[in-house]
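Values quoted throughout were computed directly from the atomic coordinates according to the rules given, and no laboratory measurement underlies them. Here the structure is a predicted model, which is why all the values come from computation and not from measurement. Here the Cβ is made from the backbone with ideal geometry for all residues, glycine too, and neighbour counts use every protein chain on show.
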């Protein structure tokens with residue numbers, strides 16, 4: 001009912017993709033009544049991702065933070081819309097961690113769970129969400145709500161197959177190389193402690209808060225190609 005209006009609003013304000021899902025019992029503790037989710041996606045800049053060469057770049061660190069901020073602002077747009085319709089809405093920060101169990105390396109709610117249920121993609125061997133359109137070169141945020149929402153795409157069950165490019169590229173040796181199965185624990189794919197500890201070695205780049213190597217090498221990534229001269233000529237006739 002509200003999917004079209006909400007998607008139109010968010011994409012007009014800068015969302016790359018928007019998806020909807022029913023998350024059921026996956027809601028955070030204390031918010032079990034919020035059984036639906038809005039997934040908001042922003043693609044990362046091709047040019048900036050290409051600056052990640054064996055280690056993260058300072059340009060990637062700043063782009064990572066700016067993209068997260070943009071996603072948080074888009075989440076607020078969604079909250080405003082949902083609450084104006086008389087429903088409840090809980091924005092989940094684009095980049096998050098818990099204050100109660102830092103060794104878990106987890107947030108309040110997994111953005112990837114909602115994104116998978118929305119049919120926007122699948123979880124790769126790098127433990128990142130892989131969009132069917134943009135691969136790993138994306139960031140996510142989620143808004144949980146009691147507004148009834150229906151997924152517009154079917155669940156994607158395919159995975160990475162035999163590819164182990166991200167595993168071989170990971171300097172922390174944190175990636176197991178296993179394919180994801182829905183509901184499987186994260187540690188079947190990734191040793192989050194090894195990943196986090198290695199990120200801290202980049203103290204000169206964003207205070208050790210980012211890496212991005214496994215994201216940047218993913219073969220599912222697609223660079224947006226420039227418009228050819230022939231297409232430009234065709235478009236110019238329409239002016």
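General remarks:
- Added length on full extension, which subtracts the Cα-Cα distance from 0.36 nm per residue, residue 96 to residue 201: 35.8 nm
- Tensor-based shape of region 1-89 (alpha-carbon gyration tensor, a/c under 1.5 rounded, otherwise prolate or oblate): prolate
- Cut-off 20 Å, label 7 Å out along Cα→Cβ of residue 69, residues of region 185-209 by amide N: 205-209
- Shown for the chain is the translational diffusion coefficient from the Stokes-Einstein equation, using the Kirkwood radius over Cα pairs, a temperature of 4 °C and a viscosity of 1.567 mPa s: 69 µm²/s.
- Summed over qualifying helices (DSSP H, 4 residues or more, each -39500 (n - 2.57)) and divided by its residue number, the chain shows a 222 nm mean residue ellipticity of -8500 deg cm²/dmol.
- Counting every alpha-carbon pair across region 85-169, the share separated by more than 19 Å comes to 49%.
- Temperature 37 °C, viscosity 0.692 mPa s: under these conditions the Stokes-Einstein estimate for region 33-143, based on its Kirkwood radius over C-alpha pairs, is 217 µm² per second.
- In this simple spin-label model, placing a label point 7 Å from the Cα along the Cα-to-Cβ direction at both residue 84 and residue 8 gives a separation of 1.2 nm.
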